[in-house]
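Undergrad: Have a look at this one.
The values are calculated or read from the model by the stated rules, or taken from the named source; none is laboratory data. A quick note: this is a predicted structure, and the numbers were derived from the prediction, not measured. Cβ placement follows ideal geometry from the backbone for every residue including glycine, while neighbour counts extend to all protein chains displayed.
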Amino acid sequence: MNLVILGLGNPGVDYEHSRHNVGHWFVNHFVKHQKASFHASPSYQICSFPFAEGKLTLAKSVNYMNQNGQGIKKLLNTFLSKKGEFVIVHDELDLPIGRVKLSHGKSAAGHNGVTSVLEQLNFSPLRLRIGIGATRHPNLSSSEFVLSRFSNEEQLCLNSLSSNLIHSFRLLLTRGLSFALNFTNSHPLNKPTLL
């Protein structure tokens, strides 16, 4: 089975550590975990490698968030087989730090990156929504908040999730969607178990 994971975010060092770029954070961490590296393509940076009895392709757009869907059809036609799955990883304003949800069939709910992708497709893909903090300072607008940086404590909490999130995709490839949903959506996340 093939799996394509698109981490949403904005390019450049100014946005690298912002809450809105948690999709990029995840694919960057996954690639580093596999001791692999990205290569450039017209619309995306891409990394592919064997993973859990299948093939995994990780991607992040070289365009700004509201254009993250640009080139997605070509990407999927190139890397996604009929026996494959496409997953978007992005920040979720309505979930607190430390919570994640794997879901499908949902609307973009005002997320510009998700909207950009959905506008290019005729289906609603799986989405891994990573909580970036449901509460914010009253003087910050939503747009200002998502572009703010995580505190050191929040970043440590986020980093502690990474191995479990990688395991979620291992389950998706080896056990199927039901197992992946049950593992990922539990809180607190269970420790990964050997297959």
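For (1) at pLDDT below 95; (2) surrounded by 20 or more Cβ atoms within 10 Å (Cβ to Cβ), each residue gets a yes or a no:
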residue	(1), (2)
H17	yes, no
F30	no, yes
H39	no, no
P42	yes, no
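Undergrad: Look through L181, L128 and report the one residue that is in contact (Cβ under 8 Å) with a residue 40 or more places away in the chain and surrounded by 19 or more Cβ atoms within 10 Å (Cβ to Cβ). Break it down into steps so the answer makes sense when it comes.
TA: On the way: L181 fails: surrounded by 19 or more Cβ atoms within 10 Å (Cβ to Cβ).
Step by step, each of L181, L128 is checked, and only L128 is in contact (Cβ under 8 Å) with a residue 40 or more places away in the chain and surrounded by 19 or more Cβ atoms within 10 Å (Cβ to Cβ).
Undergrad: Now for a different question. Considering the stretch 61-72 alone, what residues qualify as being over 15 Å from the mean Cα position of the chain (by Cα) and in a helix (DSSP H, G or I)?
TA: Selection gives N66, Q67.
Every residue, every condition in (1) of a type outside the set (K, R); (2) surrounded by 15 or more Cβ atoms within 10 Å (Cβ to Cβ); (3) at pLDDT 90 or above, yes or no:
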site: S148; (1), (2), (3): yes, yes, yes
site: L161; (1), (2), (3): yes, yes, yes
site: G176; (1), (2), (3): yes, no, yes
site: P188; (1), (2), (3): yes, no, no
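Undergrad: So which helices (runs of 4 or more DSSP H) stay within the stretch 99-177 end to end and still have 1 or more residues that are over 16 Å from M65 (Cα atoms) and in contact with a Ser or Thr (Cβ under 8 Å, 6 or more places away or on another chain)?
TA: Numbers: elements: 112-118, 142-146, 152-174.
So the answer is 152-174.
One line per residue, one yes/no per condition, for (1) of a type outside the set (A, V, I, L, M); (2) in contact with a strand residue (DSSP E or B) (Cβ under 8 Å, 6 or more places away or on another chain); (3) in a strand (DSSP E or B):
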position	(1), (2), (3)
L3	no, yes, yes
G12	yes, no, no
N21	yes, yes, no
H24	yes, yes, no
F30	yes, yes, no
P42	yes, no, no
P50	yes, yes, yes
A59	no, yes, yes
K74	yes, no, no
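Undergrad: Ok, one more. Just one of (1) among the hydrophobic types (A, V, I, L, M, F, W, C); (2) in contact (Cβ under 8 Å) with a residue 40 or more places away in the chain; (3) within 22 Å of F183 (Cβ to Cβ) trips up L80, so point out which.
TA: (3)
Residue by residue, here is whether (1) touching an Asp or Glu at 6+ places or on another chain (Cβ under 8 Å); (2) more than 25 Å from S160 (Cα to Cα) holds:
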residue: L3; (1), (2): yes, no
residue: V22; (1), (2): yes, no
residue: P50; (1), (2): no, no
residue: Y64; (1), (2): no, yes
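Undergrad: Let me ask something else about it. Restricting attention to the stretch 90-97, does a residue exist that is in contact with a Leu (Cβ under 7 Å, 6 or more places away or on another chain) and modelled with pLDDT under 95? Give the derivation first.
TA: Pass one, the stretch 90-97, residues in contact with a Leu (Cβ under 7 Å, 6 or more places away or on another chain): 90, 97.
From what is left, the residues that are modelled with pLDDT under 95 are 97.
Looking through the stretch 90-97, at least one residue is in contact with a Leu (Cβ under 7 Å, 6 or more places away or on another chain) and modelled with pLDDT under 95.
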